[in-house]
Amino acid sequence: MRIRAAITLVLALGLALPALAQQQATRIRGSIEAVDATSVTIAAREGNKVKLALTPETGVAAVQALDLKAIQPGSYIGTAARPGPDGGLEAIEVVVFPEAARGTGEGQFAWDLVPGSSMTNGTVNGVVEGAKGRNLDVLFKGQKASITVPPSAPVVTFTPAERADLKPGLPVFVTARPGGDGAMTAARIVVGRDGVAPPM
């Protein structure tokens, strides 16, 4: 049952779906300031506070740290990256998807983790150990991106979580959307666990 929950979660997560950007989705990064049965208040990284409605459809997940060596040829990953000095991309973080979620959000699109960053979701075609980290060739929709993952870049995967895991002080990554009354509703929440913060 937990495996099915994890698969459903990964397929639904906003960070994996560029189409959400066309549906006026908003990504919020920060920490939980308060939470109750119907809402969560986030102290956003920009310094403001955002109150979001919680609904029965709000998905919750946690992150689990992986070793850099977990990225292997054939892995399906999502990685936020910025332009590197050699003309390729330098990963800021990497999410390794479970096999059942292969193909989720495949492509490359703009991302808002840092200025000028992008998100690449695709299959690792080749892995080479380099002087500055692990060099990946990532294939997506007939295209290829060269991405270097430095040792400092966090590597994570998703694990199932529950509403009860949302506690004040914990770091979160939230995909929110406007409700019918103009208020924002949390569609998906990724919460930190065991000292691991959502890096995306």
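The figures follow:
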| quantity | calculated |
| --- | --- |
| Qualifying residues in the range 10-41 (those that are surrounded by 19 or more Cβ atoms within 10 Å (Cβ to Cβ) and assigned to a helix (DSSP H, G or I)) - the one modelled with the lowest pLDDT | Leu20 |
| Sole exception among (1) touching a Ser or Thr at 6+ places or on another chain (Cβ under 9 Å); (2) crowded, with 19+ Cβ neighbours inside 10 Å; (3) of a type outside the set (S, T, N, Q) for Ala101, by number | (1) |
| Boolean, Ala110 is surrounded by fewer than 17 Cβ atoms within 10 Å (Cβ to Cβ) and in contact with a Pro (Cβ under 9 Å, 6 or more places away or on another chain) | yes |
| Filter result (of a type outside the set (D, E, K, R) and over 12 Å from Met184 (Cβ atoms)) within the range 32-47 | Ile32, Ala34, Val35, Ala37, Thr38, Ala43, Gly47 |
| Set Glu129, Glu90: member being farther than 24 Å from Arg29 by Cβ, part of a strand (DSSP E or B) and not aliphatic (A, V, I, L, M) | Glu129 |
| Which numbered condition Ala70 fails, given (1) in the same structural domain as Gly122 (by TED's automatic domain parsing); (2) modelled with pLDDT of 95 or more | (2) |
| Count - residues of the range 110-137 that are in contact with a Gly (Cβ under 8 Å, 6 or more places away or on another chain) and of a type in the set (Val, Ile, Thr) | 3 |
| Failed criterion for Thr104 (all others in (1) modelled with pLDDT under 90; (2) farther than 30 Å from Ala44 by Cα hold) | (2) |
| Cross-chain or 6+ apart pairs with Cβ under 6 Å, the range 61-73 first and within 15 Å of Pro98 (Cβ to Cβ), then polar (S, T, N, Q) | Ala62/Thr159; Gln64/Thr157; Gln64/Thr159; Leu66/Thr157 |
| Of all residues making up the range 132-184, the number that are of a type outside the set (A, V, I, L, M, F, W, C), surrounded by fewer than 16 Cβ atoms within 10 Å (Cβ to Cβ) and part of a loop (DSSP other than H, G, I, E, B) | 14 |
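The values are calculated or read from the model by the stated rules, or taken from the named source; none is laboratory data. No experiment lies behind these values; they were computed from the predicted model shown. We place every Cβ from the backbone using ideal geometry, glycine too, and count neighbours over all the protein chains shown.
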